[in-house]
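First up is the structure itself, then whatever we jot down about it.
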Amino acid sequence: FTGKCDVLRCNPDFQVNHEERFDFVNVNMDQNSLSFARILYLFRCVLPSHREEDINIALVRSLKASRWKPNTLWENCRLLEDDRTMFILPRYFVRGAHMINAFGCRNERSTYYLNDVVDGDWFLRAEN
């Protein structure tokens, strides 16, 4: 067993090409083990009552199952689209997730496929 660490980014001006980079994460939510969100901003709060530690808070846009269906639908295809924006604590991030824009969809900037074959862990998490 080798431990790994996901490097997650949320940057409106990423690298030399100045493109947005807002990564996706699997979030530990009560209702669904495969809940996803896109990290929009990370905040570090210093509260007088917690002087010994800072509190990190993430502004994320959660994803929900999409009603749009592609022309070619495959087994275990997971289509997700933007849902609501909310604050959560980063300690509820399980790991990073690789999403692919759903090209051909009317809202392809906010509709995504879950890439569950990026590694063996995602293949098993997505119950393939």
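The values are calculated or read from the model by the stated rules, or taken from the named source; none is laboratory data. Source: prediction; values computed, not measured. Virtual Cβ from ideal backbone geometry, glycine too; neighbours counted across all protein chains shown.
Any residue at all in the range 95-102 that's over 20 Å from residue 9 (Cα atoms), outside any strand (DSSP E or B) and not hydrophobic (A, V, I, L, M, F, W, C)? So far as the range 95-102 goes, no, none of its residues is over 20 Å from residue 9 (Cα atoms), outside any strand (DSSP E or B) and not hydrophobic (A, V, I, L, M, F, W, C). Screening residue 8 with (1) aliphatic (A, V, I, L, M); (2) surrounded by 11 or more Cβ atoms within 10 Å (Cβ to Cβ); (3) modelled with pLDDT of 80 or more gives one miss only, at (3). Within the range 24-40, does at least one residue satisfy the condition of being at pLDDT below 80, acidic (Asp, Glu) and within 26 Å of residue 106 (Cβ to Cβ)? No: zero hits.
The set of residues from the range 96-117 being surrounded by 15 or more Cβ atoms within 10 Å (Cβ to Cβ) and within 20 Å of residue 41 (Cβ to Cβ) comprises 96, 97, 99, 110, 112.
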